[in-house]
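This report concerns only the one structure given below.
The values are calculated or read from the model by the stated rules, or taken from the named source; none is laboratory data. Model, not experiment: these values are computed from the prediction. Note: ideal-geometry Cβ built from the backbone for every residue, glycine included; neighbour counts use all protein chains shown.
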Amino acid sequence: MIYILITAASLFSCGQTKTNEKQNQKPNILLLVGDDIAFGDLGAFGSEIPTPNMNRLADAGVRFTNFHASPVCSVTRSMLMTGCNNIEIGLGAFDYSFYPPTKGLSGYEGYMTKNAVAISELLNDAGYDVYKSGKWHLGGEALGGHPPLEWGFTKEFGILSGGSNHWNDLAMTPDFGDPNGLNVKRKEHFTLNGKHFERPNGVYSGELYTEHMLNFIKEGHAENKPWFAYMAFTTAHFPIQAPANLIDKYYQQYLKLGYAGLKKSRYHSLKEKGLITETAIEPTFNDITHKWESLSQKEKEIQARVMATYAAMIEDQDQRTGQILDYLKESGQLDNTLVIYLTDNGPEGFEATHPKTGNPEMAKWLETQFDQSFESIGTAESERTIGVSWANAATGGLQWWKWFIGEGGIRVPMMIVPPGAFSNNYERAGEISNAVISVKDLPMTILDYAGITHPNTEYKGRKIKTPTGISAKPFLDKTSEIVRNEDQWYAFELFGNGYLMQGDFKVIKVRPGMFGDGKWHLYNVVADPSEMNPLETEMPEKFQAMKKLYTAYASSNNIMEVDSQWNPFKAASE
């Protein structure tokens, strides 16, 4: 998930001099990012999981219900940092999965390249302290690229990779390149301001990352400097682990609901609360998921415990968010704050033993290196994923999940609270909007609030890509009722699957290797978020025009065609 907090000047003060000083202050910016969390996972988005602190954001600001990220972590983060298309800045592939013919090609480096300038650099240049805590997943490891301190961040803590054990310093995956890698656990590398950090055992990730971020923010506040804080949680990314006291209260509920029951209840909740439209069609059963009734009683109990742990991870993240909001309020900074919350993609459906989406090597490592018992679920000794069926259920009225470009993989929760909205009479407070908006638009929104002009084509002597993100500030200020007009379409491709959004319409093609039919389809994803009613026959001119736009986009960015049967899940360990 992702939160952004920007503090603006107080409108009231005792003296005119103080008033002018405050009005001239730069806003602070807090960006909080949740990991692998579904559109229907938050209480603020209709979930049964209570998220009172995220509800605070929903009540004070705007919930966006037609917001799109990418279907995977690092690709989203690259666009979030730059406002550019992923293929322009090295994330046409990412470190866990390369289509072999793309290796070595420009745009497919697998890390964020210097073809762009990051907003962290521009904010640093404008006098901001720039902080990051949590995961990076944009480069600096063996694959290449650059760590946060080389992108303008002044203080950082956490990991460079995509995730780790939530209780200790163990990595979440084996070293597939080591001949003995499947027989051992390996350690994750933690850094504090670029230097190795000995991560303490037994401290939960949410607590650890939040503590470091709060320390950074407090230091900046003491120095009276404006700051940008990128709080990149690793919850609810696998391994599914959480504090035991948060798990138990969810167990019976998920044992009773099962996969289909949860999906149905979330579909109805999203519709009742206006988070999807009244015309939304309930998704049909996805045949690569499992039926609850096919499980044994023991398997049901294990699955219910896994989902309860996932819910606990989300609740913990909400509590950590509350810690930050409470500190900002106590220190007099919350009234000056713009808050943006989002998740980086839909829920993770990877399931190591699944015949279609699994990975036998990963399955062997999990089986031999971790405790598979019911009692261990949620602890450091257990490494589980929620799998295809819970991931499918979590999205409620949407279809598919992480890795896929169906709405369940790319439509995620996002909220924005403008400066001053927590205490002033903000006109859009509590509003639910289906305005179309992309993750590329958030960095441009941040720069707009911070009063920073993007250099567009050149930055400190290096040629850079001009961002195609659009600032949402006019919408938030209520000087516009849209973020993007129909001419401001955006397109996306990953793993040979592509889509283009124009207004409420989405044209999409998914390869057979990722369970599609390899054909283009047209949907109105506002009226039909479950993508159950294709419109290409009904609207042939619109369909052809949008396909033509996508073809031009793919050609201009040298996007490589992918074999129709290629499966990235099987390739993840290659």
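Please verify whether the range 489-499 includes one or more residues that are hydroxyl-bearing (Ser, Thr, Tyr) and farther than 30 Å from Phe285 by Cβ. Give the steps one after another, and end with the answer.
Filtering the range 489-499 for residues hydroxyl-bearing (Ser, Thr, Tyr) gives 490, 499.
Filter once more, keeping what is farther than 30 Å from Phe285 by Cβ: 490.
Taking every residue of the range 489-499 in turn, at least one turns out to be hydroxyl-bearing (Ser, Thr, Tyr) and farther than 30 Å from Phe285 by Cβ.
Scanning the range 393-420 for residues that are out of contact with any strand residue (DSSP E or B) (no Cβ under 8 Å at 6 or more places or on another chain) and of a type in the set (Gly, Ala, Ser) turns up Ala393, Ala394, Gly396, Gly397, Gly408, Gly409, Gly420.
Considering only residues that are surrounded by fewer than 24 Cβ atoms within 10 Å (Cβ to Cβ) and over 21 Å from Pro455 (Cβ atoms), look in the range 78-96 and name the one that is modelled with the lowest pLDDT. Here the answer is Tyr96. If you take the residues of the range 509-524 that are over 26 Å from Lys103 (Cβ atoms) and of a type outside the set (Asp, Glu), which of them is surrounded by the fewest Cβ atoms within 10 Å (Cβ to Cβ)? Looking at the filtered set, the residue picked out is Lys519. Of Leu442, Leu494, all but one fail to be more than 19 Å from Arg63 (Cα to Cα), within 23 Å of the chain's Cα centre (by Cα) and in contact (Cβ under 8 Å) with a residue 24 or more places away in the chain; the exception is Leu494. For the structure I just gave you, tell me whether Val75 is touching a helix residue (DSSP H, G or I) at 6+ places or on another chain (Cβ under 6 Å), crowded, with 24+ Cβ neighbours inside 10 Å and not in a strand (DSSP E or B). Yes; evaluated as a whole, the condition is true for this residue.
For the range 93-137, a residue qualifies if it is of a type in the set (A, V, I, L, M), closer than 29 Å to Gly513 by Cα and either touching a His at 6+ places or on another chain (Cβ under 8 Å) or in a strand (DSSP E or B) (or both), and exactly one does: Met112.
One line per residue, one yes/no per condition, for (1) crowded, with 24+ Cβ neighbours inside 10 Å; (2) in contact (Cβ under 8 Å) with a residue 24 or more places away in the chain; (3) in a loop (DSSP other than H, G, I, E, B); (4) among the β-branched types (Val, Ile, Thr):
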{"position": "Thr191", "(1), (2), (3), (4)": "no, yes, no, yes"}
{"position": "Arg199", "(1), (2), (3), (4)": "no, yes, yes, no"}
{"position": "Gly206", "(1), (2), (3), (4)": "yes, yes, no, no"}
{"position": "Thr210", "(1), (2), (3), (4)": "yes, yes, no, yes"}
{"position": "Leu214", "(1), (2), (3), (4)": "no, yes, no, no"}
{"position": "His221", "(1), (2), (3), (4)": "no, yes, no, no"}
{"position": "Tyr230", "(1), (2), (3), (4)": "yes, yes, no, no"}
{"position": "Thr235", "(1), (2), (3), (4)": "yes, yes, yes, yes"}
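Here is a check on your reading of the model: is Lys364 out of contact with any helix residue (DSSP H, G or I) (no Cβ under 6 Å at 6 or more places or on another chain), touching a residue at least 60 places away in the same chain (Cβ under 8 Å) and basic (Lys, Arg)? Here the answer is no, as Lys364 does not meet what is asked.
Sub-6 Å Cβ pairs linking a first residue in the range 415-434 that is without any contact (Cβ under 8 Å) to a residue 40 or more places away in the chain to a second residue that is of a type in the set (Phe, Trp, Tyr), at least 6 apart or interchain, number zero.
Kindly establish whether Lys547 is in a helix (DSSP H, G or I), out of contact with any helix residue (DSSP H, G or I) (no Cβ under 8 Å at 6 or more places or on another chain) and at pLDDT below 95.
On the way: in a helix (DSSP H, G or I): yes; out of contact with any helix residue (DSSP H, G or I) (no Cβ under 8 Å at 6 or more places or on another chain): yes; at pLDDT below 95: no.
In short, no.
Against the test of being modelled with pLDDT under 95 and surrounded by 16 or more Cβ atoms within 10 Å (Cβ to Cβ), the options Ser530, Ser573 yield a single qualifying residue, Ser573. For the range 80-92, what are the residues that are touching a Pro at 6+ places or on another chain (Cβ under 8 Å) and either at positive phi or not in a loop (DSSP other than H, G, I, E, B) (or both)? Leu80, Met81, Thr82, Gly83 - these are the residues of the range 80-92 that are touching a Pro at 6+ places or on another chain (Cβ under 8 Å) and either at positive phi or not in a loop (DSSP other than H, G, I, E, B) (or both). From the residues in the range 328-372 that are among the hydroxyl-bearing types (Ser, Thr, Tyr) and not in a loop (DSSP other than H, G, I, E, B), which one is farthest from Val33 (Cα to Cα)? The qualifying residue farthest from Val33 (Cα to Cα) is Thr368.
Residue by residue, here is whether (1) assigned to a helix (DSSP H, G or I); (2) among the aromatic types (Phe, Trp, Tyr); (3) without any contact (Cβ under 8 Å) to a residue 12 or more places away in the chain; (4) closer than 22 Å to Ile508 by Cα holds:
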{"position": "Leu31", "(1), (2), (3), (4)": "no, no, no, no"}
{"position": "Phe39", "(1), (2), (3), (4)": "no, yes, no, yes"}
{"position": "Pro50", "(1), (2), (3), (4)": "no, no, no, no"}
{"position": "Asn55", "(1), (2), (3), (4)": "yes, no, no, no"}
{"position": "Asp59", "(1), (2), (3), (4)": "yes, no, no, no"}
{"position": "Ser70", "(1), (2), (3), (4)": "no, no, no, yes"}
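Look at Ile247 and say whether it is modelled with pLDDT of 95 or more and closer than 23 Å to Gly408 by Cα. Considered against the rule, which asks whether it is modelled with pLDDT of 95 or more and closer than 23 Å to Gly408 by Cα, Ile247 comes out as no. The set of residues in the range 243-289 that are part of a helix (DSSP H, G or I) and of a type in the set (Gly, Ala, Ser) comprises Ala244, Gly258, Ala260, Gly261, Ser265, Ser269.
Of the set (1) out of contact with any Asp or Glu (no Cβ under 9 Å at 6 or more places or on another chain); (2) buried (at least 24 other Cβ atoms within 10 Å of the Cβ); (3) in a loop (DSSP other than H, G, I, E, B); (4) of a type in the set (Phe, Trp, Tyr), all apply to Trp400 but (1).
Residues that are in contact with a Leu (Cβ under 7 Å, 6 or more places away or on another chain), modelled with pLDDT of 95 or more and closer than 22 Å to Gly83 by Cα number at least 1 in the following strands (runs of 3 or more DSSP E) confined to the range 483-525: 490-494, 497-502, 505-509. Scanning the range 122-147 for residues that are touching a helix residue (DSSP H, G or I) at 6+ places or on another chain (Cβ under 6 Å) and at positive phi yields Gly134, His137. Is it the case that Trp390 is touching a Gly at 6+ places or on another chain (Cβ under 7 Å), within 30 Å of Lys519 (Cβ to Cβ) and aromatic (Phe, Trp, Tyr)? Considered against the rule, which asks whether it is touching a Gly at 6+ places or on another chain (Cβ under 7 Å), within 30 Å of Lys519 (Cβ to Cβ) and aromatic (Phe, Trp, Tyr), Trp390 comes out as no. Mind checking which residues of the range 94-109 are without any contact (Cβ under 8 Å) to a residue 60 or more places away in the chain and either small (Gly, Ala, Ser) or on the phi > 0 side of the Ramachandran plot (or both)? Selection gives Gly104 alone. Restricting the range 259-310 to residues that are surrounded by fewer than 23 Cβ atoms within 10 Å (Cβ to Cβ) and hydroxyl-bearing (Ser, Thr, Tyr) leaves a set whose member that is nearest to Asn392 (Cα to Cα) is Thr289. When Ala450, Ala491 are screened for being hydrophobic (A, V, I, L, M, F, W, C), crowded, with 19+ Cβ neighbours inside 10 Å and over 22 Å from Thr343 (Cα atoms), only Ala450 passes.
Looking at Leu366, Leu328 in this structure, which one is among the aliphatic types (A, V, I, L, M), closer than 30 Å to Asn245 by Cβ and surrounded by fewer than 23 Cβ atoms within 10 Å (Cβ to Cβ)?
Leu366
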